1. Dipole of region 11-251 (Lys/Arg Cβ +1, Asp/Glu Cβ -1, origin at the Cα centre): which of H151, L242, A17 lies farthest to the positive side?
2. Given the whole protein assembly as supplied and a 1.4 Å probe, what does the accessible area of F88 come to in Å², nearest 10?
3. Using a 1.4 Å probe, how large is the accessible area of M100, given in Å² and rounded to the nearest 10?
4. Quote the FRET efficiency, to the nearest 0.05, computed for A92 versus E59 with a Förster distance R0 of 22 Å and r equal to the Cβ-Cβ distance.
5. Averaging sequence separations of C-alpha pairs under 8 Å and six or more residues apart, then dividing by the length of region 187-261, give the relative contact order as a whole percent.
6. I'd like the carbon and sulfur percentage of the solvent accessible area for the chain, probe radius 1.4 Å, heavy atoms only, ligands and nucleic acids excluded.
7. What size of dipole, in debye to the nearest 20, comes out for the chain about its Cα centre when the only charges are +1 on Lys and Arg C-beta atoms and -1 on Asp and Glu C-beta atoms?
8. Evaluate the relative contact order of the chain (contact order divided by residue number), counting alpha-carbon pairs under 8 angstrom at least 6 apart; express in whole percent.
Amino acid sequence: MNAPAGAEVTRAEVCAAACADAWRGDGEILASPMGLIPTIGARLARALFEPELLLSDGEATLVGGVWPVDEPPPPAAAEGWVPYRAIFDLVASGRRHVMMGPSQLDRYGNANISAIIGDGDFQHPARQLLGVRGAPGNTVNHPTSYWVPRHSPRTFTERVDVVCGVGYDRAAAAGPSATRFHRLRRVVTNLAVLDFGGPGHSMRLLTVHPGSTVGEVRAATGFPLHTDGEPGTTRTPTGAELHWIREVIDPRSRRDQEVPR
């Protein structure tokens, strides 16, 4: 059931529900949302259709229930201890689904979170970012999705400056050790929902958000997007989802700062 008649659904709420859908069907695995909208989405998924999804406090404690994004979880909600060393076991076992925020993403899912080279070189980039961090291990070991709050050609680029998250073309070139568990699940942006179901695992436009158009999405993407016919419209949150988003998970509407109304 979609949102109740007369309820104004914001773009941020559409994005949060789309992020929640990325974890649909995952069951008992660790959800690792990076960023505000993915965090709302992961908690929404646990609240309504993935009750076995594991969530942490962002440090080393597994936490039960659902709590506001700008508050610490209640101490009584602690369910388990996940020290840093245990994360590598989870990554290697495949029992994790991360949603990361790339600075650049190409048509095959290669992601850059390390540096923007610009007019410089690798030793002297124009912009230093986070570094490669855990992106390679994430992408070749367990499901990975991406959240992009500003869909633009600067992010969706023909070629990324530094490969951090491994895309389908480079995984295939590396062979079975990289492809065996490689799975890029979903890309959610402020304009659309995409996946890698195009030819050769290229990026495919699935749906455009209410108020967006296919032309707008194509113009904001630095490479051709595949479509299977006419893309649909991203679903709006249900009444129950709106209640959880507005009253429980993000009662102070921080989501509207990341994706303006």
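1. Value computed over the given set: H151.
2. 120
3. 10
4. That gives a FRET efficiency of 0.60.
5. Computed over region 187-261, the figure is 24 percent.
6. 52
7. Result for the chain is approximately 380 debye, rounded to the nearest 20.
8. RCO, the chain: 23 percent.
The values are calculated or read from the model by the stated rules, or taken from the named source; none is laboratory data. Since the structure is predicted, the reported quantities are computational estimates derived from the model, not experimental observations. Counting neighbours? That spans all protein chains shown, and the Cβs are built from the backbone with ideal geometry, glycine included. Side chains included, ligands, DNA and RNA excluded: accessible areas come from the protein's heavy atoms. Shrake-Rupley method; radii C 1.70, N 1.55, O 1.52, S 1.80 Å.
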